[in-house]
Amino acid sequence: MTDTLSPRTASDSTDAFGPGTGTGRVKRGLAEMLKGGVIMDVVDVEQAKIAEDNGAVAVMALERVPADIRAQGGVARMSDPDLIAAIIDAVSIPVMAKARIGHFVEAQVLQHLGVDYIDESEVLSPADYVNHIDKWGFTSPFVCGATNLGEALRRITEGAAMIRSKGEAGTGDVSEATKHIRTIKGEIAALKAKSPDELYVAAKELQAPYELVAEVARLGKLPVVLFTAGGVATPADAAMMMQLGADGVFVGSGIFKSGDPAARARAIVKATTAFDDPEAIADASRGLGEAMVGINVADVPAPHRLASRGW
Amino acid sequence: MTRGRIGVLALQGDFREHLAVLTGLGADAVPVRRPRELAAVDGLVIPGGESTVMDKLSRIFDLRDPLRERIADGLPVYGTCAGLIMLADRVLDALPDQQTLGGLDVQVRRNAFGTQVDSFETDLEVPMLEGPPVHAVFIRAPVVTEVGPAAEAVATLDDGRVVAVRQGNLLGTSFHPEITGETRFHEHFLRVVAAA
């Protein structure tokens with residue numbers, strides 16, 4: 001049986017941590033504990049506390065939610081360390097933060113700050129259009145976005161300990177999230193149906209290592225946790241992602257760009273747990289006030305679509 | 001040894017891993033998310049996850065009071081990590097309104113080792129289990145900071161910190177046997193359920 005869990009460890013990390021830290025199992029394990037939960041984007045301490053008080057399983061600390069990044073344009077970078085440190089101090093749940101694709105120094109800074117997960121994110125402007133970060137060398141675990149199985153497996157090969165389907169962040173339009181989770185799940189199902197002698201060509205077509213492809217075919221799932229992100233704005237959106245097979249959801253702009261963030265946060269948390277119970281989802285959906293206004297993905301010109309960043 | 005139905009609290013966290021371990025041991029294991037599902041089990045596992053979220057969801061789904069009643073009535077319960085926190089009578093570094101189910105006469109500290117960069121795995125001597133040391137994974141884990149007279153420490157780190165406790169039909173570990181292929185805690189728990 002092939003194990004792709006820890007080809008390398010974080011022993012060459014720039015920060016010193018204790019024995020047994022930063023192993024593949026420890027990194028992937030935290031994501032296992034987040035399953036069935038909602039990870040919420042927050043831009044300040046007050047939002048972080050509202051998220052924690054209303055059932056977020058973790059928060060993503062950033063200066064601007066994707067809807068504002070999209071509206072304001074310009075280069076989006078790692079957030080101010082003061083902001084991230086203040087949010088780490090303010091909440092007791094895990095804190096994630098974003099580094100630009102390929103920007104390994106932003107990742108070193110985030111690890112130094114002690115964030116619980118680093119999101120190498122297409123929501124920020126890429127820093128390297130060829131290489132992603134070599135994530136094995138870090139003690140902090142990484143989550144990366146993917147639009148299809150091959151992309152997910154390439155990120156896992158680079159050391160990602162958690163995958164989120166990308167969707168189209170900052171739109172409030174869930175259609176791309178649906179497409180990406182369906183694509184990944186469908187490709188896994190197709191892989192599982194293949195005979196062993198077909199997996200070599202499958203690996204070539206997926207542009208991913210054979211060992212990892214064979215592992216996915218054997219398990220019938222990714223070897224890491226798979227969340228969904230990008231456009232989730234309502235309890236029903238979250239429940240649909242769970243019914244489509246996501247292990248949990250990221251909600252970016254959908255909560256704090258809505259009329260009543262606390263109530264919406266609670267409602268999305270409830271619907272994520274009771275994802276197969278229409279009565280509970282209906283209850284959760286009542287009286288939430290305005291959802292985020294949103295943009296139809298079809299109206300976003302292709303060069304401005306974030307999901308196409310990363311490869 | 002596999003008499004009775006075992007529930008795994010399925011509000012949030014790694015409940016599927018516990019269900020897989022229990023099913024692999026031949027147990028009749030089911031997820032529990034509703035009061036009527038809780039009423040049908042003879043033992044319960046509370047998985048790893050986020051204790052603040054489990055607390056809120058247990059109230060949202062009207063499980064908190066039935067859980068407390070079943071525990072008071074002697075229901076065997078095994079909690080890992082967040083599950084240990086849920087079983088503890090007293091919690092340090094909890095949210096202001098955070099409640100536990102209680103049952104274990106212990107005080108625990110949340111996130112006692114620090115953030116995720118301090119999460120680790122190590123070998124642990126557990127005298128109550130036969131065989132080699134347990135390979136234990138600690139993920140933003142709690143530790144037991146006080147063991148009350150009714151409870152008993154069953155595993156400690158080299159520095160003396162208590163990371164597993166039991167009391168009557170209740171068992172709690174700071175670490176996650178369910179993600180390492182370690183089955184002895186679950187086997188032990190099934191024996192407790194069978195004898196209850």
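For the reader, a short list of remarks on this structure follows.
- Tally, over region A:31-80, of residues that are of a type in the set (A, V, I, L, M, F, W, C), outside any loop (DSSP other than H, G, I, E, B) and buried (at least 24 other Cβ atoms within 10 Å of the Cβ): 13
- Test: residue in region A:7-17 that is over 21 Å from residue A:231 (Cβ atoms) and modelled with pLDDT of 95 or more: no
- Of all the residues in region A:160-176, those that are within 27 Å of residue A:138 (Cβ to Cβ) and in a helix (DSSP H, G or I) number 0.
- Condition check for residue A:283: modelled with pLDDT of 85 or more, open to solvent by 40 Å² or more (accessible area, probe 1.4 Å) and within 17 Å of residue A:65 (Cβ to Cβ): no
- Taking region A:105-124 as the range and being in a loop (DSSP other than H, G, I, E, B) and touching a residue at least 60 places away in the same chain (Cβ under 8 Å) as the test, the residues that pass are A:116, A:122, A:123.
- Residue check for residue A:141: touching a Lys or Arg at 6+ places or on another chain (Cβ under 6 Å), within 14 Å of chain B (Cβ to nearest Cβ) and at negative phi: yes
- Qualifying residue in region A:210-225 (condition: at pLDDT 95 or above, open to solvent by 10 Å² or more (accessible area, probe 1.4 Å) and basic (Lys, Arg)): yes
- Residues located in region A:257-273, provided they are hydrophobic (A, V, I, L, M, F, W, C) and buried (at least 24 other Cβ atoms within 10 Å of the Cβ): A:265, A:267, A:268, A:269, A:271
- Scanning region B:119-133 for residues that are open to solvent by less than 30 Å² (accessible area, probe 1.4 Å) and more than 7 Å from every other protein chain (Cβ to nearest Cβ) yields B:124, B:126, B:129.
- Qualifying residue in region B:141-149 (condition: out of contact with any Ser or Thr (no Cβ under 6 Å at 6 or more places or on another chain), in a loop (DSSP other than H, G, I, E, B) and more than 27 Å from residue A:96 (Cα to Cα)): yes
- Members of region A:236-275 found to be more than 11 Å from every other protein chain (Cβ to nearest Cβ), of a type outside the set (A, V, I, L, M, F, W, C) and in contact (Cβ under 8 Å) with a residue 60 or more places away in the chain, listed by number: A:237, A:245, A:252, A:253, A:254, A:257, A:261
- Test result for residue A:283, farther than 14 Å from residue A:168 by Cα, part of a loop (DSSP other than H, G, I, E, B) and of a type in the set (Asp, Glu): no
- Helices (runs of 4 or more DSSP H) fully within region B:17-118 counting 1 or more residues that are open to solvent by less than 10 Å² (accessible area, probe 1.4 Å) and within 14 Å of another protein chain (Cβ to nearest Cβ): B:51-60, B:82-87
- Filter result for the condition that a residue is among the aliphatic types (A, V, I, L, M) and without any contact (Cβ under 8 Å) to a residue 24 or more places away in the chain, over B:85, B:60: B:60
- Screening region B:1-16 for residues that are part of a loop (DSSP other than H, G, I, E, B) and more than 14 Å from chain A (Cβ to nearest Cβ) and picking the one that is least open to solvent (accessible area, probe 1.4 Å) gives B:4.
- Residue tally, condition open to solvent by 20 Å² or more (accessible area, probe 1.4 Å) and not in a helix (DSSP H, G or I), over region A:226-251: 4
- Lone qualifier among A:93, A:88, A:133 - being in a loop (DSSP other than H, G, I, E, B), open to solvent by less than 40 Å² (accessible area, probe 1.4 Å) and farther than 26 Å from residue A:180 by Cα: A:93
- Of residues in region A:156-190 being of a type in the set (D, E, K, R) and in contact (Cβ under 8 Å) with a residue 40 or more places away in the chain, the one most open to solvent (accessible area, probe 1.4 Å): A:182
- Here residue B:136 meets the list (1) under 24 Å from residue B:186 (Cβ atoms); (2) within 14 Å of another protein chain (Cβ to nearest Cβ); (3) of a type in the set (Gly, Ala, Ser); (4) assigned to a loop (DSSP other than H, G, I, E, B) almost entirely, failing just condition (4).
- Looking only at residues in region A:35-59 that are away from chain B (no Cβ under 14 Å) and of a type outside the set (Val, Ile, Thr), the one that is nearest to residue A:243 (Cα to Cα) is A:41.
- On inspection, residue A:99 does not qualify as within 14 Å of chain B (Cβ to nearest Cβ), open to solvent by less than 10 Å² (accessible area, probe 1.4 Å) and farther than 17 Å from residue B:111 by Cα.
The values are calculated or read from the model by the stated rules, or taken from the named source; none is laboratory data. Not measured: the values here are computed from a predicted model. Positions of Cβ are generated from backbone atoms using ideal geometry, with glycine treated the same way; all protein chains shown enter the neighbour counts. Just so you know, the surface numbers come from the protein's heavy atoms only, side chains and all, with ligands and any DNA or RNA stripped out. Shrake-Rupley method; radii C 1.70, N 1.55, O 1.52, S 1.80 Å.
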